[in-house]
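The values are calculated or read from the model by the stated rules, or taken from the named source; none is laboratory data. Quick caveat: nothing in here was measured; it's all calculated off a predicted structure. Counting neighbours? That spans all protein chains shown, and the Cβs are built from the backbone with ideal geometry, glycine included. Calculation scope for accessible area: heavy atoms of the full protein, side chains included, ligands and nucleic acids excluded. Shrake-Rupley method; radii C 1.70, N 1.55, O 1.52, S 1.80 Å.
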Amino acid sequence: MTTLRYFGHSCFLLKDGTNSVLIDPFLSGNPHAGGVPADLNPTTILVSHGHGDHIGDTLEIAKRSNATVLAVFEIGEWLGQQGVEKTIPAGLGGIIKFDWGTAKLVQAFHSSTIEFDGKFLPGGDPCGYLISIGGKNIYFAGDTCLFSDMRLIGEMAQPQLDLALLPIGGHFTMGIDDAVKAVSFCNPRTVIPMHYNTFDVVAADPNEFKRKVEASTKSRCVVVPPGSEYTLE
Ligand code: NI
Ligand code: MN
């Protein structure tokens, strides 16, 4: 059984019963998470890009839990320099194998800088992830606008994507209407919206997204409240 815990924004914890995979651990500055849970000890951390609302508490959690961190080359190397012992710097198209499954770095259209010590360091390419865990295929889009090759990402998951995690908040990423189009492109059995209502600038109604998805695509939309868990079907 594969479960997903949502911490709000773009932070998720996937669990297969043995291992846990933490994605974009923005917790301490996240009003929906309100800090790093004391019992959070992931096996693996996936980072989509360097912005603070995604790289988040990666340093602290990786050092504490000895988790392996997968990220694009520049971010993986930087985390290593900061004292993270197990990093996997990789590039778009790479499929990385873990005890729990695989993670493939896929394209995202966005920017990526690491804000550190009052400076902005280059973070390389932003990415999304195509994740295989517990027999399920999951597309985590990261921060991105709509792009038509989301079709290709959907086709990479055979026979079909089980789940897509897509941003809907607008301003920094696609908003609701483009995200509905993204659902039609990547064709997941289920979609869960993310990256909304964390701050005023990314305000969006997830139920409007759900109505539009279910009116115009074959996918089902599940709105997962921050702090709650969802079992993948
Ligand atoms: Ni960003
Ligand atoms: Mn963001």
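Some points to look at:
- Filter result (part of a loop (DSSP other than H, G, I, E, B) and in contact with a strand residue (DSSP E or B) (Cβ under 7 Å, 6 or more places away or on another chain)) within the range 214-230: Ser219, Val222, Val223, Val224, Pro226, Ser228
- The residue that is farthest from Ala90 (Cα to Cα), counting only those in the range 44-55 that are touching a residue at least 60 places away in the same chain (Cβ under 8 Å) and assigned to a loop (DSSP other than H, G, I, E, B), is His51.
- Per-region count, the range 14-51, residues in contact with a strand residue (DSSP E or B) (Cβ under 6 Å, 6 or more places away or on another chain) and of a type in the set (A, V, I, L, M): 7
- Qualifying residue in the range 145-162 (condition: surrounded by fewer than 17 Cβ atoms within 10 Å (Cβ to Cβ), in contact with a Gly (Cβ under 7 Å, 6 or more places away or on another chain) and more than 22 Å from Glu208 (Cβ to Cβ)): no
- Residues (under 13 Å from the mean Cα position of the chain (by Cα) and hydroxyl-bearing (Ser, Thr, Tyr)) located in the range 88-131: Tyr129
- Taking the numbered list (1) outside any strand (DSSP E or B); (2) over 15 Å from Val21 (Cβ atoms); (3) modelled with pLDDT of 95 or more in turn, Gly142 passes all entries but (2).
- Residue tally, condition in contact with a strand residue (DSSP E or B) (Cβ under 6 Å, 6 or more places away or on another chain) and either over 16 Å from Phe12 (Cβ atoms) or open to solvent by 20 Å² or more (accessible area, probe 1.4 Å) (or both), over the range 197-213: 5
- Strands (runs of 3 or more DSSP E) within the range 56-112 that include 2 or more residues open to solvent by 20 Å² or more (accessible area, probe 1.4 Å) and free of Cβ contacts under 8 Å to residues at least 40 places away in the same chain: 87-90, 95-98
- Checked against the criterion of being crowded, with 18+ Cβ neighbours inside 10 Å, away from ligand 1 (no atom under 16 Å from the Cβ), closer than 19 Å to Cys221 by Cα and under 14 Å from the mean Cα position of the chain (by Cα), the candidates Val183, Val191 yield just one match: Val191.
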